[in-house]
Amino acid sequence: MVSHLLKNYEVVVIGGGAAGLSAALYSARRGLTTILISPEIGGQAGTTFEIENYPGRGFVTGPELMMDFKLQAEASGTEFLLTEAVGLEKIDQQFLVKTPTENIPAVAVILAFGLTPRKLNLPEENNFLNKGLSYCATCDGPLFKNKIVAVIGGGPAGLEAAEYLGRLAAKVYLIARADKLTGEEVIKEKITANSKIEIIYQTEIKQIIGEGQVEQIVISKKVGEQIEEQVLKVNGVFVKVGYLANSTWLPDFIARDEKGQIITNKDTETNCPGVFAAGDITDIDYKQIVISAGEGAKAALRAYQYIQKTPRLGTDWGKK
Ligand SMILES: Cc1cc2nc3c(=O)[nH]c(=O)nc-3n(C[C@H](O)[C@H](O)[C@H](O)COP(=O)(O)OP(=O)(O)OC[C@H]3O[C@@H](n4cnc5c(N)ncnc54)[C@H](O)[C@@H]3O)c2cc1C
């Protein structure tokens, strides 16, 4: 691990999703020393079972597509470090990307750390993580074969999770806060046709209960003008209540909007020269794999241009 401290990377890419992996591919192919840091590889796309709109691929699963992204970035010379970025410092013309274990010097930085699943914000939520509570149905669904699960969220991600889990689990409660589901008609039809899936509308989750493992959830349901509490026995809870731009760890000198999204111009440049941003973490309108991939590639090409004009790092700079 210490080796990263001693090596001066020209480009540090933060994030292992479509944007980060594409940025790393383009950066390494330009001959720039490139490291990608991310706690996992695949990002949101890696959590979805069906992708049908990535050009040239027809139907492909998310994990399969993202593994191909990773292999291509690796083959081009990208190095990987499986950890999260916790800080970014600017020292003169250069940068120091901080992780819990080491600091990585860079001439240019590409921020591509996407969106993070929104939590329920229940006090006991973190205690049940990996003990029956999950934010990713594709990743953890197989653990709940023939078991009873609840999916929290009646939006597109909740529907997709319920549909997928409906193929594996014995029973799926789909808990929706609104009085209708939001998402593609095709998925809605599949869900309503599956007798294993019970949709509970106008309902919120209030509590998760269990001795070291999820055993029950308490829900509150709107019935007419009344709110009724009910306890459901479940083995698992899948939280699909949206995604957040979690950029609070960035220093103030990187401009963000009110949602925490990084503000970029059409060339993926942030307000700080040498720091580029791409994909879902930016304030671009459309959050899609092909768009993140394109923006990642663009960020790397811009970083290459920037590096041509920037003095090289000294050999002991990372030790400061
Ligand atoms: C269930 C679901 C289904 C979808 N289906 C489709 C679809 O069919 N077609 C489509 O085009 N799009 C789809 N999308 C949207 C698409 O997945 C995203 O637009 C795309 O994956 C965004 O890529 P990204 O690289 O910008 O960000 P992300 O995919 O969010 O990747 C961010 C990466 O950064 C890492 N990271 C986070 N914080 C840090 C940190 N502090 N330090 C280092 N790394 C960090 C994460 O671990 C992750 O690897 C779907 C999304 C979801 C959730």
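The values are calculated or read from the model by the stated rules, or taken from the named source; none is laboratory data. What you see is a predicted model; the values in this text were computed from it and never measured. Cβ sites come from the backbone with ideal geometry, for glycine too, and all protein chains shown count toward neighbours.
Looking only at strands (runs of 3 or more DSSP E) that fall completely inside region 215-320, which ones have 3 or more residues that are within 16 Å of the ligand (Cβ to nearest atom) and modelled with pLDDT of 95 or more? It would help to see each step written out before you state the result.
On the way: elements: 216-223, 226-233, 236-239, 275-277.
Hits in region 215-320: 275-277.
Given the criterion within 11 Å of the ligand (Cβ to nearest atom) and either surrounded by fewer than 22 Cβ atoms within 10 Å (Cβ to Cβ) or more than 17 Å from TRP249 (Cα to Cα) (or both), identify the matching residue among PRO63, PRO100.
Working: PRO63 fails: within 11 Å of the ligand (Cβ to nearest atom).
None of the others qualify; the one that does is PRO100.
Can you name the residue in region 79-94 that is at pLDDT 95 or above and more than 14 Å from the ligand (Cβ to nearest atom) and is also nearest to the chain's Cα centre (by Cα) among such residues? Spell out the reasoning first.
Taking region 79-94 first, the residues at pLDDT 95 or above are 79-90.
Still in the list and also more than 14 Å from the ligand (Cβ to nearest atom): 79, 89-90.
Working: GLU79: 20, GLU89: 23, LYS90: 26 Å.
In this case the residue turns out to be GLU79.
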Item checked: Positions within region 137-156 being over 14 Å from ILE199 (Cα atoms) and crowded, with 24+ Cβ neighbours inside 10 Å, in sequence order -> ALA137
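For (1) in a loop (DSSP other than H, G, I, E, B); (2) out of contact with any Ser or Thr (no Cβ under 7 Å at 6 or more places or on another chain); (3) in the same structural domain as ALA137 (by TED's automatic domain parsing), each residue gets a yes or a no:
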residue	(1), (2), (3)
ALA24	no, no, no
GLY31	yes, yes, no
GLU40	yes, yes, no
GLY58	yes, yes, no
GLU64	no, yes, no
MET67	no, yes, no
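Free of Cβ contacts under 8 Å to residues at least 24 places away in the same chain, surrounded by fewer than 16 Cβ atoms within 10 Å (Cβ to Cβ) and either within 18 Å of the chain's Cα centre (by Cα) or not assigned by TED's automatic domain parsing to the domain that holds ALA293 (or both): does that describe LEU129? Full working, then the answer.
Numbers: free of Cβ contacts under 8 Å to residues at least 24 places away in the same chain: yes; surrounded by fewer than 16 Cβ atoms within 10 Å (Cβ to Cβ): yes; either within 18 Å of the chain's Cα centre (by Cα) or not assigned by TED's automatic domain parsing to the domain that holds ALA293 (or both): yes.
Against the criterion (free of Cβ contacts under 8 Å to residues at least 24 places away in the same chain, surrounded by fewer than 16 Cβ atoms within 10 Å (Cβ to Cβ) and either within 18 Å of the chain's Cα centre (by Cα) or not assigned by TED's automatic domain parsing to the domain that holds ALA293 (or both)), LEU129 qualifies.
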Item checked: Single condition ALA19 does not satisfy, out of (1) of a type outside the set (Phe, Trp, Tyr); (2) buried (at least 24 other Cβ atoms within 10 Å of the Cβ); (3) more than 6 Å from the ligand (Cβ to nearest atom) -> (3)
Check: Looking only at residues in region 165-214 that are touching a Phe, Trp or Tyr at 6+ places or on another chain (Cβ under 6 Å) and in a loop (DSSP other than H, G, I, E, B), which one is surrounded by the fewest Cβ atoms within 10 Å (Cβ to Cβ)?
Finding: ASP179
Note to self: Restricting to region 33-51, give me the number of residues that are surrounded by fewer than 21 Cβ atoms within 10 Å (Cβ to Cβ) and more than 8 Å from the ligand (Cβ to nearest atom).
What the structure shows: 2
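Hey, among the residues in region 105-126 that are farther than 18 Å from PRO273 by Cα and within 14 Å of the ligand (Cβ to nearest atom), which one's surrounded by the most Cβ atoms within 10 Å (Cβ to Cβ)?
Quick first cut of region 105-126, residues farther than 18 Å from PRO273 by Cα only: 113-126.
Then drop every residue that is not within 14 Å of the ligand (Cβ to nearest atom), which leaves 113-118.
Values: PHE113: 30, GLY114: 26, LEU115: 19, THR116: 16, PRO117: 18, ARG118: 16.
If we take residues in region 105-126 being farther than 18 Å from PRO273 by Cα and within 14 Å of the ligand (Cβ to nearest atom), then PHE113 is surrounded by the most Cβ atoms within 10 Å (Cβ to Cβ).
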Next item on the list: Go through region 49-72 residue by residue and tally those that are farther than 21 Å from ALA162 by Cβ, more than 18 Å from the chain's Cα centre (by Cα) and free of Cβ contacts under 8 Å to residues at least 40 places away in the same chain.
Entry: 5
Next item on the list: Kindly list, by first and then second residue, each pair from a residue in region 167-178 that is within 10 Å of GLN202 (Cβ to Cβ) to a residue that is aliphatic (A, V, I, L, M) and assigned to a loop (DSSP other than H, G, I, E, B), limited to pairs with Cβ atoms under 9 Å and residues at least 6 apart or on different chains.
Entry: ARG177/VAL241
Checklist line | Any hit, region 84-103, residues being without any contact (Cβ under 8 Å) to a residue 24 or more places away in the chain, of a type in the set (D, E, K, R) and assigned by TED's automatic domain parsing to the domain that holds CYS272 | finding: yes
